[in-house]
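Laboratory data are not the source of any read-out in this text; all were calculated from the coordinates shown. In this text, all values refer to a predicted model and were calculated from it rather than measured experimentally. Positions of Cβ are generated from backbone atoms using ideal geometry, with glycine treated the same way; all protein chains shown enter the neighbour counts.
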Amino acid sequence: MESECGLIRPISFTGIDSPMSRSLAALILCLCAGCAWSNVWGQKERRLHMDEVTIQGRFLYEWVDPVDSLADPGMVLFEGVLFDLWPNGKLKSECGVTEGQWDMDCLEWHQNGQLRSEESIDPPHYYWNGWHSNGAVFFRKTYQFDGPAGAFIGVGEELKSECFDPHGARMPCPEEFVWPEDKD
């Protein structure tokens with residue numbers, strides 16, 4: 001079978017149990033072989049783990065070693081989806097990145113898989129909503145979105161804030177939001 005990368009040969013994976021692990025291993029092999037330059041880098045929804053990017057100020061960079069011998073290897077602005085995992089392997093967070101900058105559409109999950117927080121921008125507002133690990137609403141916050149300034153993303157003045165205990169009763173908002181699994 002032919003592709004833009006050349007001849008495609010079947011690959012046998014030993015010691016890899018799940019289909020997801022085999023897919024990840026295949027992607028890593030493809031990236032290492034360099035054939036992904038024309039396929040994976042051309043896709044809009046690339047996914048990288050937090051450990052695979054370098055953060056400098058508000059910009060996120062990735063290391064690229066291109067196949068094209070005329071291009072120099074180096075750091076380029078990342079574009080796609082950045083994710084992190086809990087130690088148990090479950091998805092912890094996922095954020096969109098456009099032209100090397102957070103696009104503020106981020107989701108976080110508790111270790112049990114329940115949605116933990118969601119961030120979004122609808123100019124001129126930035127919204128941050130959170131949930132307890134039992135699924136009950138923890139907080140709803142609205143900020144003025146001022147746009148990026150220097151190394152910062154640009155979230156401005158807090159306009160509205162309401163918080164709830166795990167049983168749904170209103171409570172004062174804590175100064176810092178810390179979930180039990182973050183206290184370790």
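For every other residue with a beta carbon closer than 15 angstrom to the beta carbon of ARG170, add +1 if it is Lys or Arg and -1 if Asp or Glu, then tell me the sum.
Taking every other residue near ARG170 into account, the sum is +1.
Please rank TRP86, TRP131, fewest neighbouring Cβ atoms within 10 Å first, as an exposure proxy.
So the residues, fewest neighbours to most, are TRP86, TRP131.
Check which residues have an amide H placed less than 5 Å from ASP103's amide H, if you skip close sequence neighbours.
Sorted by chain and number, the residues that satisfy this are GLY96, VAL97, THR98.
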